[in-house]
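The values are calculated or read from the model by the stated rules, or taken from the named source; none is laboratory data. Everything numeric in this text was worked out from a predicted model, so none of it was measured. Please note: Cβ atoms are built from the backbone with ideal geometry, for glycine as well, and neighbour counts cover all protein chains shown. Heavy atoms of the whole protein, side chains included, go into the accessibility calculation; ligands, DNA and RNA do not. Shrake-Rupley method; radii C 1.70, N 1.55, O 1.52, S 1.80 Å.
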Amino acid sequence: MRFLITGTAGFIGFHLARRLLEAGHVVAGVDNFSAYYDPALKEDRNAVLEDFEGYSVHRLDLADAEALNAAWDAAAPDIVIHLAAQAGVRYSIDHPDTYVASNMVGTFHVLEAARRRPVKHLLCASTSSAYGANTEMPFRETDPAVHPLTLYAATKGATELMGHAYAHLFGTPTTFFRFFTVYGPWGRPDMALFKFAQAMRRGEAIEIYGQGQMSRDFTYVDDLVEAIVRLADTPPEIGKPVGPFDTLSPVAPYRMVNIGGGAPSKLMDFVAELERAMGMEAKKVFLPMQDGDVPATWASSELLEALTGYRPATPISEGVPAFVNWLRGRNAA
């Protein structure tokens, strides 16, 4: 099978591309290697992928529709998985323009490319942040998601709507999936686990927001990748819902699916696992909730399991040490 994946130099895109390459698939990667965080980490991820014969990379920005179309034609993909985006909830408060350009314009160009040269299945990343001010737990895909708390969440929610419109108008089977606090080896330096571990190594205090009272449906990256691979084999078909909880559109081959384990952990339990893995106690500074943050996330995984027979299940007691082992190796290199 031939895949095109946007964001292959990123955290999730790297893991997904490697998994597909190991399975013998052909993968064309698209990435702009932005400087949002240290591009050296992105180059190192890409170097791992370039060891596979079936991998090729196209260094381009999704804002450049002409370059994307050329890469699309060269890749001749059967399946496209669109992961590239400007990430970060808090960063969107001070840098809103990058979110509109990367998330909305970039996704528009992906949708247009799929319209011009159709694929068997288009899968696009969204976020649990789309649930915004919702307080009923667990978050179910059928819940309204109309009160975003950040521009990041608003842009991702908008891309979901754009995807539905294109699926309706042009018939491309399209699945959007909402991630829930993904973590693991090769993660982003701006993510809490990475920041906490590095601060602890330097003997610095870690900043814990929400006075440590938050909880998250932490999803280990390998579990996320497994779910995406399985969803890729499950394109939506009009008139074939899997249950009353399905988000399958009545007018388009389109659905939206949570990818989370449905087992939230307290933030302080997450920190405790990090302390155990690193063999040291963290110095802690407790701070109020930050703007745009939410006290808890909790995914319903009912639809994911009905579609794929799978739900993320790696506990933080396994996932956090795996990250620490990777980070130690990287720091020692």
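Out of Ala114, Ala167, which single residue is over 23 Å from Ile259 (Cα atoms), in contact with a strand residue (DSSP E or B) (Cβ under 6 Å, 6 or more places away or on another chain) and modelled with pLDDT of 95 or more? It would help to see each step written out before you state the result.
Numbers: Ala167 fails: over 23 Å from Ile259 (Cα atoms).
So the residue among Ala114, Ala167 that is over 23 Å from Ile259 (Cα atoms), in contact with a strand residue (DSSP E or B) (Cβ under 6 Å, 6 or more places away or on another chain) and modelled with pLDDT of 95 or more is Ala114.
Checking the structure you have, find out if any residue of the range 163-181 is of a type outside the set (Gly, Ala, Ser), assigned to a loop (DSSP other than H, G, I, E, B) and open to solvent by 40 Å² or more (accessible area, probe 1.4 Å).
yes
Which of the numbered conditions does Asn331 fail, given that it passes all the others? Conditions: (1) open to solvent by 20 Å² or more (accessible area, probe 1.4 Å); (2) of a type in the set (S, T, N, Q); (3) under 24 Å from Ser128 (Cα atoms).
Checking Asn331 against (1) open to solvent by 20 Å² or more (accessible area, probe 1.4 Å); (2) of a type in the set (S, T, N, Q); (3) under 24 Å from Ser128 (Cα atoms), the one that fails is (3).
Can Val146 be described as open to solvent by less than 10 Å² (accessible area, probe 1.4 Å) and either touching a strand residue (DSSP E or B) at 6+ places or on another chain (Cβ under 6 Å) or modelled with pLDDT under 95 (or both)? Before the answer, list the steps.
Working: open to solvent by less than 10 Å² (accessible area, probe 1.4 Å): no; either touching a strand residue (DSSP E or B) at 6+ places or on another chain (Cβ under 6 Å) or modelled with pLDDT under 95 (or both): yes.
Criteria not met by Val146.
For the range 117-142, which positions are at pLDDT 95 or above and of a type in the set (D, E, K, R)?
Arg117, Lys120, Arg140, Glu141
From the list Ala282, Ala272, Ala296, exactly one residue is in contact (Cβ under 8 Å) with a residue 12 or more places away in the chain, small (Gly, Ala, Ser) and out of contact with any Asp or Glu (no Cβ under 6 Å at 6 or more places or on another chain). Which is it? Steps first, please.
Details: Ala282 fails: out of contact with any Asp or Glu (no Cβ under 6 Å at 6 or more places or on another chain); Ala272 fails: in contact (Cβ under 8 Å) with a residue 12 or more places away in the chain.
Result of the check over Ala282, Ala272, Ala296: Ala296.
For the range 182-207, which positions are closer than 20 Å to Ala87 by Cα, outside any helix (DSSP H, G or I), open to solvent by less than 30 Å² (accessible area, probe 1.4 Å) and hydrophobic (A, V, I, L, M, F, W, C)?
Hit for the range 182-207 is Val182, nothing else.
Suppose we filter Leu41, Leu4 for residues that are within 23 Å of Lys195 (Cβ to Cβ), modelled with pLDDT of 95 or more and not β-branched (Val, Ile, Thr); which single one remains?
Leu41
If Ala272 passes every condition in (1) in a loop (DSSP other than H, G, I, E, B); (2) over 19 Å from the mean Cα position of the chain (by Cα) but one, which one does it miss?
(1)
Which of the residues that make up the range 275-296 are β-branched (Val, Ile, Thr) and either modelled with pLDDT of 95 or more or part of a strand (DSSP E or B) (or both)?
Residue satisfying the conditions is Val285 alone.
Among what's in the range 132-148 and is of a type in the set (A, V, I, L, M) and within 16 Å of Phe180 (Cα to Cα), pick the residue that is nearest to the chain's Cα centre (by Cα).
Among them, the one singled out is Ala145.
Would you call Leu267 hydrophobic (A, V, I, L, M, F, W, C), surrounded by fewer than 20 Cβ atoms within 10 Å (Cβ to Cβ) and closer than 30 Å to Asp94 by Cβ?
When the stated conditions are applied, Leu267 does not pass them.
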